Structure formats: C-alpha cells, structure tokens
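Participant: Got a structure for you, written out below as structure tokens; questions coming shortly.
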Amino acid sequence: MESSILETRHASWPDEDACADTARAIAEAGHHALRDAFIELHGPLGAGKTTFARHLLHGLGVGGAIKSPTYSLMEPYQAGTAAGGFDIAHFDFYRFDDPEEWEDAGFREVFANPGLKLVEWPEKAAGLLPACDLRVSITPRDGSDARAARFDALSATGRELLP
C-alpha cells in the first residue's frame, strides 16, 4: 500500500560537500524525529545512497567508517550521546532476489524495535516493509558528481525531517 506524499522538497547537489551539508542539516534539525524514523533511499547504482547515509550517520555522531551493508545486508550503529544515543540500522537489499528474503533474514523484528532505519534498495523487499516516513530519491546528473535529490515526506515524522 502506497502512502500519500504530504510534502516534497528538492535539492541540487553540485558535489559531495552539498550532499553532506543536507545530511548534516537533517541530522541536526531532526535528530529527535530520527530516533524512530524509517528512511528509504532510492537511486541507481552509484547514485550516492550510501554516501548520503554515511553523512547522515556522521551528523548523528556515529564515529569511524560507515561501510555499505551490501554484503552484510545490515550494519548496526548507535547515535552519539548529543543526538540521543538511539539505535540505527542501515540496510541494503540490493542482493535480494525475492522480497521474502527480508522476512527470512529476520528483519521484521528489527523494524518492530525503536531506532532509525535507513534502507537502500527498499523495492527489493516490496510489500513487506512498513510505510516509510521519508523517501529520498537521488539521481546522478550529467555524468559528473552533481546529483538531484528529492525528499518526499510520507508521515508527520517525515515532514519534520525535510531539509
């Protein structure tokens, strides 16, 4: 079931620094709403989904390297104490061949618990994921580092997270 879009914002990122600025702004302004939010990250391979997630997590005080969960399917993190110290789960479902793999991996339990859920390639678990709060769609532009980003709020929480 598709949720209705409550509000949409657009961003143009000429480079990764602009992506980082947007992610940090969301982390700073919305860290209270992020403590139990679900954000979908959409875009083709190489669009910058993991890059955006990395900058968001660093903005929430997660230290160290943020790696792509492509092979592990999920990487757990903890927000820094200044952001509230909540749990974070960063998923990547790119390798799923069937949405049922989400269920088989035991992710229903993770989604039932509090904490931020960031999901790359959510369409690979279509029909099984709960409704997201914020949908981020990233589109590469002109074969350069430039990106267009669209932020769709699908809940009141998602509205709080809009950049």
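The values are calculated or read from the model by the stated rules, or taken from the named source; none is laboratory data. These numbers come from a predicted model, not from an experiment. Virtual Cβ from ideal backbone geometry, glycine too; neighbours counted across all protein chains shown.
Participant: Considering only residues that are modelled with pLDDT of 90 or more and polar (S, T, N, Q), which ones fall in the stretch 69-111?
Facilitator: Q78, T81
Participant: So, E28, is that one touching a helix residue (DSSP H, G or I) at 6+ places or on another chain (Cβ under 9 Å) and either assigned to a helix (DSSP H, G or I) or β-branched (V, I, T) (or both) or not?
Facilitator: When the stated conditions are applied, E28 passes them.
Participant: Identify the single condition in (1) among the small types (G, A, S); (2) modelled with pLDDT of 95 or more; (3) surrounded by 15 or more Cβ atoms within 10 Å (Cβ to Cβ) that G30 does not satisfy, given that it satisfies every other one.
Facilitator: (2)
Participant: Here's a follow-up. Looking at this structure, is A53 of a type in the set (A, V, I, L, M, F, W, C), under 13 Å from the mean Cα position of the chain (by Cα), surrounded by fewer than 21 Cβ atoms within 10 Å (Cβ to Cβ) and not in a loop (DSSP other than H, G, I, E, B)?
Facilitator: In short, no.
Participant: Right, next: From the list R150, R108, which residue is among the basic types (K, R) and either closer than 19 Å to A20 by Cα or in contact with a Cys (Cβ under 9 Å, 6 or more places away or on another chain) (or both)?
Facilitator: R150
Conditions (1) within 17 Å of E28 (Cβ to Cβ); (2) crowded, with 18+ Cβ neighbours inside 10 Å, marked per residue:
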| site | (1), (2) |
| --- | --- |
| P69 | no, yes |
| S72 | no, no |
| P76 | no, no |
| A79 | yes, yes |
| I88 | yes, yes |
| R95 | no, no |
| E101 | no, no |
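Participant: Taking the stretch 134-156 as the search range and keeping residues that are among the charged types (D, E, K, R) and either more than 13 Å from the chain's Cα centre (by Cα) or under 15 Å from S3 (Cβ atoms) (or both), which one is surrounded by the fewest Cβ atoms within 10 Å (Cβ to Cβ)?
Facilitator: Per the stated criteria, the residue is D142.
Participant: Give me the helices (runs of 4 or more DSSP H) completely within the stretch 74-163, filtered to those with at least 1 residues that are of a type in the set (A, V, I, L, M), ordered by residue number.
Facilitator: It comes to 107-112, 156-161.
Participant: Taking the stretch 1-48 as the search range and keeping residues that are of a type in the set (D, E, K, R) and within 21 Å of L128 (Cα to Cα), which one is nearest to the chain's Cα centre (by Cα)?
Facilitator: In this case the residue turns out to be E40.
Participant: Here's another thing I want to ask about it. Out of the residues in the stretch 116-133 that are surrounded by 20 or more Cβ atoms within 10 Å (Cβ to Cβ) and among the aliphatic types (A, V, I, L, M), which is nearest to the chain's Cα centre (by Cα)?
Facilitator: L118
Participant: Somewhere in the stretch 65-79, is a residue of a type outside the set (A, V, I, L, M, F, W, C), touching a residue at least 12 places away in the same chain (Cβ under 8 Å), under 16 Å from G48 (Cα atoms) and out of contact with any Ser or Thr (no Cβ under 9 Å at 6 or more places or on another chain)?
Facilitator: No; the residues of the stretch 65-79 include none that is of a type outside the set (A, V, I, L, M, F, W, C), touching a residue at least 12 places away in the same chain (Cβ under 8 Å), under 16 Å from G48 (Cα atoms) and out of contact with any Ser or Thr (no Cβ under 9 Å at 6 or more places or on another chain).
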